[in-house]
Amino acid sequence: MAIEAKDYVAKTQSYFHGERRDLIDQLEGSSTRQILEIGCGDGATGAYAKREGKCGRYIGVELFPEAAKIASQYLDKVYVANIETFEVPEECELSDVLIASEVLEHLIDPLAVLRKLYKNLVPGALVFASSPNIAHYSTLRMLIAGHWDLTDSGRMDRTHMRWFTPKTYASMFEDSGFEVLSVRPLVPFRRKARVLNFLTGSRYEHLFVSQIVLQGRRTK
């Protein structure tokens, strides 16, 4: 069973909008850099990258045609395609940065996609990715209560095909060939979580991570 655009028809427009300044702000300014984003939504992240002078060219791949149409107003090139079956064109092989924000969890075989994209990046290219952490304490609390409740968005989004913990997320990137440089929570722990994490010697740190953010690099 393949994911299709019709599976996202019920999503609101805000679902496809997410300006990831936290990822783009890690890059130095460059007029020659090419960024490739899979699941680019309405192009908000790419528009910000271009506005801030972080790249000279920004390419997006988006499954949902209506979101891709909006993105095409801001990005240099937008392909309307399912990344799992997409034959990556030669122009993407010049990409210095890959962004996969809140998309890998929607794929049937994200490992295969990462292995394919790895080959289409220049040596030394960076990858920024993020996904929900299924090992968050709220999920465990739900399971203890005997539930597995799907929602329209968030960690339990009903269109998710895969679920990750910080460790399995990092392992997937390593298995696809990337060197993992960092894995961190999107939002710093609040005081209560910091105290509990300290008292448990960080052994259960994964319980307090809501959103996983990973930075990696193609080494060869």
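Throughout, read-outs are computed from the coordinates displayed, never taken from laboratory work. Predicted model only: the values in this text are computed from it and were never measured. Please note: Cβ atoms are built from the backbone with ideal geometry, for glycine as well, and neighbour counts cover all protein chains shown.
For the reader, a short list of remarks on this structure follows.
- Restriction of the GluC sites (Glu not before Pro) in the range 38-95 to DSSP coil positions whose beta-carbon has at most 12 other beta-carbons within 10 angstrom yields E87.
- Full extension of the segment from T159 to S202, taken as 0.36 nm per residue of separation minus the current Cα-Cα distance, would add 12.3 nm.
- Each of M156, M172 was scored by other Cβ atoms within 10 Å of its Cβ. Listed from fewest to most, they are M156, M172.
- Seen from N120, the other residues with C-beta closer than 10 Å to its C-beta sum to a net charge of 0, counting Lys and Arg as +1 and Asp and Glu as -1.
- Order of I144, I108 under a 10 Å beta carbon neighbour criterion, fewest first: I144, I108
- For the chain, leaving out every one of the chymotrypsin sites (Phe, Trp or Tyr not before Pro) that falls in a DSSP loop and has at most 13 other Cβ atoms within 10 Å, the longest unbroken run is 1-147.
- Calculated FRET value between V195 and S31, using beta carbons and R₀ = 30 Å, to 0.05: 0.05
- Of all beta bridges that DSSP places with both ends in the chain, some 40 percent have antiparallel geometry.
- Beyond 31 Å in Cα-Cα separation lie the following of the pairs K69/K116; K69/K119; K50/K192: K50/K192.
- Estimated inter-spin distance, K119 and M142, nm [label 7 Å along Cα→Cβ]: 3.6
- Take every DSSP beta bridge whose two residues both sit in the range 89-170; close to 0 percent of them are antiparallel.
- Loop-resident sites, the range 150-201, for trypsin sites (Lys or Arg not before Pro), counting at most 14 other Cβ within 10 Å (DSSP): R158, R190
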